[in-house]
Amino acid sequence: MTTQTSLRNASANHAATNGSTVNVDDLVSAKGTGTGPADSSVPVATVTPPNAPTPATPPSTGPAAPALDMPTLMQFLGKMVTELGAAATAPLTLLGDQLGLYKAIAKAGAVTSETLAQATETNERYIREWLANQAAAGYITYDGASETFHLTPEQEAVFVEEGSPCYLGGAFYSFVSLFADQPRLVEAFRTGEGISWGNHHSCLFCGVEKFFRPTYASHLVQDWIPSIEGADEKLRAGAKAADVGCGHGASTILMAQAYPDSHFYGYDFHEPSIRAARAAAKKAGVTNVTFEVATAQDFPGSGYDFVTFFDCLHDMGDPVGAAARVNEALTDDGSWMIVEPMAGDSLEDNLNPVSRLYYAYSTQICTPSALSQDGGHSLGAQAGPKRMKAIVSEGGFGKFRKASDTPFNLIYEARK
Ligand SMILES: C[S@@+](CC[C@H](N)C(=O)[O-])C[C@H]1O[C@@H](n2cnc3c(N)ncnc32)[C@H](O)[C@@H]1O
């Protein structure tokens, strides 16, 4: 079993058992609406789930109602209570990152609401409620004996250490855009029209960078480039490289810093992202990068030794056109590294927590993006290796293989 498979299974098991952390049997009986000991074959009409309205009319005399399995129902309701809590907590987790609350807890070691409010110049009453929510979520830890809150090393890795591949604090920024853009999506579902990348709430652009950057910082130079035949050697010696669909340029700048003798051209069709990438490069003091507005289908230049696409090929309406353009722009011995979200080829392969997250982004961002472009494709974020290979081959590439992976990413290598 690969690390990735075991992690995905472990996550799936966690998700499957997570529901039992809330015992809805207890919830039901505590409210006096329970049906007593679980009966595994209770007809639907006789069951009163918590908070269910009383039916206005008696059950119909039509076909027999399907039986409800009470333990299964209780387990599912328990899972849904956990889901509701996670969804409602998400804005507060974002706020914890924005206000530096997690960092301040880590710095202090242990806090009360008073000391945390003082350290972060925030209001104690709000902080007290936030701490309670976060402790109930299991995102921070409450110590009843000392009446203080602290972060375990694992909680710190996820919420504080921005350089850690486990850091997830950045993931919450894009959720602002998911909710802000939701009415537009309702309309898109009705009309079938796309939503272009630039038409999303601006939190999406920095959110994507914040979500992906920690992974790139941990794997790109260390694992992914060395997994592409000859790429590390060429870049060390001094090569010409293009990072297409570069967004805010996180990957481009990391590569430019690691390979100072090479020059990296970052292209993206979203002008505000290119402006942000230029500013980031300036701030980082990196001079061997050039950022330009261009589409993947007609980015300028030729004679590239190395071309990269990070999490963007599936967002394009014409991925075949993009592949063809890369083929044309590469040297004969050049290579194309395509980083895509982890995915299997079938839906069955993808019914797990990681794919769930990606399908959520795919439905709200990636598929609308592709549908807003010319080309007729809308791969979605869970395209899988077979479909990717077909696209790349249609674009004229003779060789395609999986070069590396992480629990969240698939890294492909394509050559002429
Ligand atoms: C999910 S973001 C990834 C950004 C960046 N590569 C990263 O990993 O942080 C997808 C990017 O692809 C860009 N994009 C989508 N379609 C494009 C196209 N046809 N040509 C150029 N850029 C495109 C978007 O503007 C966006 O910046």
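The values are calculated or read from the model by the stated rules, or taken from the named source; none is laboratory data. Predicted model only: the values in this text are computed from it and were never measured. FYI the Cβ positions are ideal-geometry reconstructions off the backbone, even for glycines, and counts take in every protein chain you see.
Based on what the data block shows, is Ala171 closer than 24 Å to Thr93 by Cα and buried (at least 19 other Cβ atoms within 10 Å of the Cβ)? Break it down into steps so the answer makes sense when it comes.
Working: closer than 24 Å to Thr93 by Cα: yes; buried (at least 19 other Cβ atoms within 10 Å of the Cβ): yes.
Answer is yes for this residue.
Out of segment 272-306, which residues are touching a helix residue (DSSP H, G or I) at 6+ places or on another chain (Cβ under 6 Å), among the β-branched types (Val, Ile, Thr) and either within 11 Å of the ligand (Cβ to nearest atom) or over 24 Å from Ala231 (Cβ atoms) (or both)?
Residue satisfying the conditions is Val293 alone.
Report yes if some residue within segment 113-122 is outside any helix (DSSP H, G or I), outside the structural domain of Ala360 (by TED's automatic domain parsing) and more than 24 Å from Leu357 (Cβ to Cβ); otherwise report no. First the steps, then the outcome.
Kept after step one, since they are outside any helix (DSSP H, G or I), are these residues of segment 113-122: 121-122.
Remaining after also requiring outside the structural domain of Ala360 (by TED's automatic domain parsing): 121-122.
From what is left, the residues that are more than 24 Å from Leu357 (Cβ to Cβ) are 121-122.
Yes, there is a match, as at least one residue in segment 113-122 is outside any helix (DSSP H, G or I), outside the structural domain of Ala360 (by TED's automatic domain parsing) and more than 24 Å from Leu357 (Cβ to Cβ).
Being of a type in the set (Val, Ile, Thr) and free of Cβ contacts under 8 Å to residues at least 60 places away in the same chain narrows it down to one residue among Val326, Val293, Val307, Val244; which is it?
Values: Val326 fails: free of Cβ contacts under 8 Å to residues at least 60 places away in the same chain; Val307 fails: free of Cβ contacts under 8 Å to residues at least 60 places away in the same chain; Val244 fails: free of Cβ contacts under 8 Å to residues at least 60 places away in the same chain.
Criteria check complete, one pass: Val293.
Is it fair to say Glu233 is more than 9 Å from the ligand (Cβ to nearest atom), under 16 Å from Met337 (Cα atoms) and modelled with pLDDT of 95 or more?
Numbers: more than 9 Å from the ligand (Cβ to nearest atom): yes; under 16 Å from Met337 (Cα atoms): yes; modelled with pLDDT of 95 or more: yes.
Yes; evaluated as a whole, the condition is true for this residue.
Pick from Ser164, Ser174: which is under 30 Å from Glu233 (Cβ atoms), of a type in the set (S, T, N, Q) and under 17 Å from the mean Cα position of the chain (by Cα)?
On the way: Ser174 fails: under 30 Å from Glu233 (Cβ atoms).
Only one candidate qualifies: Ser164.
Gly247 versus (1) at pLDDT below 95; (2) near the ligand (Cβ under 10 Å from one of its atoms): which is the lone unmet condition?
Checking Gly247 against (1) at pLDDT below 95; (2) near the ligand (Cβ under 10 Å from one of its atoms), the one that fails is (1).
Suppose the filter is buried (at least 22 other Cβ atoms within 10 Å of the Cβ) and within 13 Å of the ligand (Cβ to nearest atom); does Phe269 pass it?
Working: buried (at least 22 other Cβ atoms within 10 Å of the Cβ): no; within 13 Å of the ligand (Cβ to nearest atom): yes.
No.
Where in segment 321-416 are there helices (runs of 4 or more DSSP H), lying wholly inside it, with at least 3 residues that are within 12 Å of the ligand (Cβ to nearest atom), touching a Gly at 6+ places or on another chain (Cβ under 8 Å) and at pLDDT 95 or above?
On the way: elements: 353-361, 367-371, 384-394.
Because the criterion is at least 3 residues that are within 12 Å of the ligand (Cβ to nearest atom), touching a Gly at 6+ places or on another chain (Cβ under 8 Å) and at pLDDT 95 or above, the helices (runs of 4 or more DSSP H) in segment 321-416 that meet it are 367-371.
Which of the residues belonging to segment 218-246 are of a type in the set (Asp, Glu) and within 20 Å of Arg325 (Cα to Cα)?
Once the filter is applied, which keeps residues that are of a type in the set (Asp, Glu) and within 20 Å of Arg325 (Cα to Cα), segment 218-246 yields only Asp243.
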